[in-house]
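Visitor: Quick one: the structure is below, questions incoming.
The values are calculated or read from the model by the stated rules, or taken from the named source; none is laboratory data. Bear in mind the structure is a predicted one, so any value in this text is a computation, not a measurement. Note: ideal-geometry Cβ built from the backbone for every residue, glycine included; neighbour counts use all protein chains shown. With ligands, DNA and RNA removed, areas are computed over all heavy atoms of the protein, side chains included. Shrake-Rupley method; radii C 1.70, N 1.55, O 1.52, S 1.80 Å.
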Amino acid sequence: MPDAMPKSTSARRQHVLAAVSGMVAVPAVLLPWGGVIEHSRALGLVIGALTLFVALIVMAFAVRYLRADPRGAAFGVTLGLLVGCVLTCVATGSLFVLAAAWVASGRLLARLIGHDTTWPEARAAARRARHAFAVGDSALVAGLLVLGLSTGSAAITPVLAQSATLAGPTGAAAALLLMIAAAARCALPPFAGWLASSMTAPTPVSALMHAGLVNAGGFLLIRFAPLFEAAPLARLAAIAAGLGAALYGLGVMCVRPDIKRSLAGSTVSQMGFMIMSCGLGAYGAALWHIVAHGLFKAWLFLGSGSAIGIGKTPAAPGLTHSIKGCAILVLAGALVLTWAGHMDGALVPLLLALATAMVTLNAGLGTQMPMRSRLAATAILIVLAATQAIGVWLTTVAVGHEGPMVLPGWALDGVLAAFLGGWVWQAQRRSLPRRIYVHLLNAGALACVGAGEPA
């Protein structure tokens, strides 16, 4: 037994060194071929800092989680290379380097999903991820080629400077191709299956994937915002795809009994909301959503093992009526803003956040608890609301601007009503038609595979 401890410690050090070396190697090789953070410095720093923070926590967790895995060192190298590719994506100013790092990150992520090569389901999940990424990566490469050939430049900044002058069909085609790439990486329908089936991956991979890597689509849309602002059709596609994904993911989250696939449905819903925010031009809210969702979802996945055997918390008495009342109040406020001519896309996520805060505060104050506890809960909510406001303000400053309106006020009210209606439906726990229920329950299900099936 005394000899086992040094060996285990040595193996952990090897895993950490392998991960760090992979993380450093990719930017060191690729970034010299493109401008290094020569664009949107604040945006790159925010995404880069989030990626590094979550990656370090995940690596520390993985060292113990995979301490008995004979492929732990290979896992560390792959994880480090994946993080290095993500950092390269957010730091480069070259279209070619962005495409190379984006494609490589998808391949590495698929390899991590299929980390257990002896498990047929893991190999099948990895294949599904590779197929989905192949479609999105092809769209990304095609879109970047269109931009590069149309503008005569391989640097992102000059391309974006000329995006407003691109011919209508050319700019719209490039924007729609990038939208497809973002949808595939964010697991929006019809690409949502790869994320749900990826639960075969080790928990550290799920945490890093849901906390950061699926957010790459949001980063792509924010990074190429000038192009999308010149292509209203692509923005409308982002709004429609995001709204549909948000409601679809909500349904999956409600019907799945297992914690990890329920979280996967939640991620699909959140990614849809983020993509929709980008389409509405609320770039600051979308970037803050990336940061907040990434940190929260990493915490949930790393603690998912502790949720085994814990039943669902019963809804607080009167919560459904509280949600109904707050939804009606917020929607009425949005209608007043529309009538006064002050409604815009950036207000949709802020009004939804306001509705959530109102319900949370009402639920906390309505419970049977001592006055001191109520005051403490109220103070915590105020601090969280202030953090939310400051976070949105900082990310808006980081992005630099918000996009122009692409929908009239009444259409924004409709988008808001769709989200609030879905929230009320979830709170009421209404039963779904049998066919829809079965479809959502089987979301991400893999076909039966045999032990002898090739990977």
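Visitor: Pop a pseudo-label 7 angstrom from the Cα along the beta-carbon direction at both Ala389 and Gln428 and give the gap in nm to one decimal.
Guide: 3.4
Visitor: OK, next. Could you please put Val291, Val103, Val205 in sequence from largest to smallest accessible area, using a 1.4 Å probe?
Guide: Values: Val291 25, Val103 45, Val205 5 Å².
Correct descending sequence by accessible area is Val103, Val291, Val205.
Visitor: Using 10 Å bins from zero, what percent of all Cα-Cα pairs in the stretch 164-224 falls into each bin?
Guide: Calculated P(r), rounded to whole percents: 21, 42, 24, 10, 3.
Visitor: Here's something else I'd like to know. Excluding ligands and nucleic acids, what accessible area in Å² is computed for Arg127 using a 1.4 Å probe, to the nearest 10?
Guide: Ignoring ligands and nucleic acids, Arg127 comes out at about 50 Å².
Visitor: Rg/Rh for the stretch 65-109 to two decimals, with Rh computed the Kirkwood way over all alpha-carbon pairs.
Guide: 1.13
Visitor: What is the distance, in nm, between label points placed 7 Å from the Cα along the Cα-to-Cβ direction at Thr165 and at Ile436?
Guide: Label-label distance for Thr165 and Ile436, simple model: 4.9 nm.
Visitor: Just subtract the alpha-carbon distance of Ala60 and Thr117 from 0.36 nm times their residue separation and send over the number in nm, one decimal.
Guide: Values: separation 57, 0.36 × 57 = 20.52 nm, distance 2.30 nm.
That pair, Ala60 and Thr117, stretches by 18.2 nm at full extension.
Visitor: Solvent-accessible area of Trp102, probe 1.4 Å, all protein chains present, reported in Å² to the nearest ten, please.
Guide: 10
Visitor: Using the scaling law 2.2 N^0.38 Å as the reference, what is the normalised Cα Rg of the stretch 104-247?
Guide: On the way: Rg = 16.3 Å, N = 144, 2.2 N^0.38 = 14.5 Å.
For the stretch 104-247, the normalised Cα radius of gyration comes out at 1.12.
Visitor: In Å², and per residue, what accessible area does the stretch 132-182 have when probed at 1.4 Å with the other protein chains present?
Guide: Details: 1940 Å² over 51 residues.
Dividing the accessible area of the stretch 132-182 by its residue count gives 38 Å².
Visitor: So how do Cys85, Cys254 rank on accessible area, 1.4 Å probe, biggest first, that is with the largest at the start? Walk me through the intermediate numbers first.
Guide: Details: Cys85 5, Cys254 45 Å².
Accessible-area ranking of Cys85, Cys254, largest first: Cys254, Cys85.
Visitor: Quote to one decimal, in nm, the extra length available between Ala134 and Leu45 on full extension: 0.36 nm per residue of separation minus the C-alpha distance between them.
Guide: Additional length available on full extension: 29.2 nm.
Visitor: Tell me which of Ala101, Leu45, Ala60 sits at the most positive position along the dipole axis of the stretch 42-121, charges placed on C-beta atoms (Lys, Arg +1; Asp, Glu -1).
Guide: Going by the charge dipole, the pick is Ala60.
Visitor: Between Ala418 and Phe296, what is the spin-label point distance in nm, taking each point 7 Å from the Cα along the Cα→C-beta axis?
Guide: Distance between label points: 2.1 nm.
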